[in-house]
Amino acid sequence: MAGVNGPLNGIKILDLTHVWAGPLGVRFLADLGAEVVKVEAPYGRGPQQFPSTPIGGWIGKADPEEPWNRNALFTKLHRNRQSFCVDLKQADGRNAFLELVRVADVVIENFSATAMRSMGLGYDALALANPQIIYVSMPGFGATGPYSERVAFGPVVEPMSGLTNMLGYGPDEPRNSALAIMDPVAAVHSAAAVVEALRQCQITGAGAYVELSLHEGGVTYSGPWLLDHQMGHTPVCMGNRHPNMAPHGIYPCLGQDQWLALACVDQMQWRALCGLIPGLAQESDLQQRQKAADDIDRKIRAWTQNQSKAQASELLQASGIAAGPVNGAADLFADTQAQFRNFFVPYEQFDTPVPGNPIHMAGLASHQWTQCPDLGANNHDVLSQWLGYGDAQISALEDAGVLFNRPPD
């Protein structure tokens, strides 16, 4: 099964990723036309019976008969793939995988730094099978250094990156973003790295070992506080305020837990804001506004609390002021901009809407997309189409307990 139409048509990717960072990065590549085989462990999606409801629940919000195939978060991340479920700890499983490597362009994984090497499937082994292979590894702290063996998840790596130190409403209460933001950061880096490595391979004919660190990816997203420190200044945690804009913040609106984001970028926007909200001093410059920030915020709150967030946003935007509603999940699906651009695509089981691709270009269309496959659904197709295996060879691997289409008992 070839990938959907896109600029990466003809590129074959073996995807061994898990959790969020790796699967999201590969989803970008699959949406762009790469042919992706998800190489899955028998327990990679969980056991036959889940002890509790996973984050995000079940796709379609129904109690599923096959929970490992209906995990909503997994399903959301794994469209446009084929599923090849194999036990890589068995010799026959490793041999089949290495045969796939010989005809692949890219292998990508985000295990710990030593996981693939411990199975005899590190870069050296894969490059021996295919010198042109592009091998992308995404360990939490990189493959070298004193932290390389540490367990890493986004909410732990984020504070170490310096981001958490600047989140919150003051220096005494740093806050984690609660988003595991290191994962989507790493996902973007991984997709970009694959495209760059493919380009280099076209030029040189050589493969590449590409290593990404979740931690370093987060550090690259650190803002001006790094420069502040280098220039001898002490960075200040400002919450929703901004060092070069005032007012700048989140303000309550009409209704329960309804909020508006507002950023006054320049003097022109400030004068426009003064025309909407009574009691503001139109002649105030940035420094004066920063000194009077508390009083200005009180006057803005008094105005926004009598407006819905949609109404307030429309009025502010109509006056040329940067503002927008703080959207929850329900707001995102109902948003007129998202609806106009058909961003959410209802193609999964039960027609559950899922995010589309933010990249718009000629030749890309979601109507060709395929939903997340069931575990091991493409075992036969992958081995027959990629490697030319016959039915007898495939059946022998199934009988030997090397291939699976459901978690073991």
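Since only 174, 225, 36 are under comparison, the one whose Cα sits farthest along the positive direction of the charge dipole of the chain, derived from C-beta charges on Lys, Arg, Asp and Glu, is 225. The lysines within cross-link reach of residue 309, meaning a Cα-to-Cα straight distance under 25 Å and a gap of 8 or more places when in the same chain, are 299. Taking the Cα centre of the chain as reference, the dipole from Cβ charges on Lys and Arg (+1) and Asp and Glu (-1) amounts to some 740 debye. Which is the longest part of the chain that has none of the GluC sites (Glu not before Pro) sitting in a DSSP loop with at most 11 other Cβ atoms within 10 Å? With GluC sites (Glu not before Pro) excluded where exposed in loops, the chain gives 66-282 as its longest stretch. Against the longest principal axis of the chain, how steep is helix 182-204, in degrees 0 to 90 to the nearest 10, with axes from Cα atoms? That works out to roughly 60 degrees. Stretching the chain fully between residue 288 and residue 349 yields a gain of 16.4 nm (0.36 nm per residue, less the alpha carbon separation). Between the helical axis of 91-103 and the longest alpha-carbon principal axis of the chain there is an angle of about 70 degrees. Taking 0.36 nm per residue of separation and subtracting the current Cα-Cα distance, fully stretching the chain between residue 334 and residue 147 would add 62.9 nm. Note: relative contact order over segment 248-336, using C-alpha pairs below 8 Å and six or more positions apart, is 40 percent. With respect to the chain, whose longest principal axis is taken over its alpha-carbon atoms, helix 267-276 is tilted by about 70°. Considering only 24, 8, 311, and ranking their Cα positions along the charge dipole of the chain that arises from unit charges at the beta-carbon of Lys, Arg, Asp and Glu, the one farthest toward the positive end is 311.
Treating each Cα of segment 248-336 as an identical point scatterer and summing with the Debye formula, the log10 of I(q)/I(0) at q = 0.20 Å⁻¹ comes to -0.90. Ranked by the mean number of other Cβ atoms within 10 Å of their residues, highest first, the peptides 151-159, 355-363 fall in the order 151-159, 355-363.
At the listed q of 0.11, 0.19, 0.28 Å⁻¹, the Debye profile of segment 289-362, built from one uniform point per Cα, gives log10 I(q)/I(0) equal to -0.46, -0.90, -1.31. Of all lysines in the structure, those lying under 23 Å Cα to Cα from residue 76, and not within fewer than 8 positions of it along the same chain, are 12, 38, 61. Hey, with R₀ at 30 Å, roughly what FRET efficiency would residue 5 and residue 53 work out to, going by the Cβ-Cβ distance, to 0.05? With R0 = 30 Å, the Cβ-Cβ based efficiency is 0.25. In the chain, the calculated helix contribution to ellipticity at 222 nm averages -10500 deg cm²/dmol per residue, counting -39,500 (n - 2.57) for every DSSP H run with n ≥ 4.
If contacts are Cα pairs under 8 angstrom and at least 6 residues apart, what is the relative contact order of the chain in percent?
It comes to 20 percent, rounded to a whole number.
If we count trypsin sites (Lys or Arg not before Pro) as exposed when they sit in a DSSP loop and have at most 16 other beta carbons within 10 Å, what is the longest stretch of the chain that avoids them all? Within the chain, the longest run free of exposed trypsin sites (Lys or Arg not before Pro) spans 242-340.
Using a Gaussian network model of the chain in which every pair of alpha carbons under 10 angstrom is joined by a spring, one finds that among 288, 202, 349 the greatest mean-square fluctuation is at 288.
Values quoted throughout were computed directly from the atomic coordinates according to the rules given, and no laboratory measurement underlies them. The model shown is predicted, which means the values in this text are computed figures rather than measured ones. For neighbour counting, all protein chains shown are included, and Cβ atoms are generated from backbone atoms with ideal geometry for every residue, glycine included.
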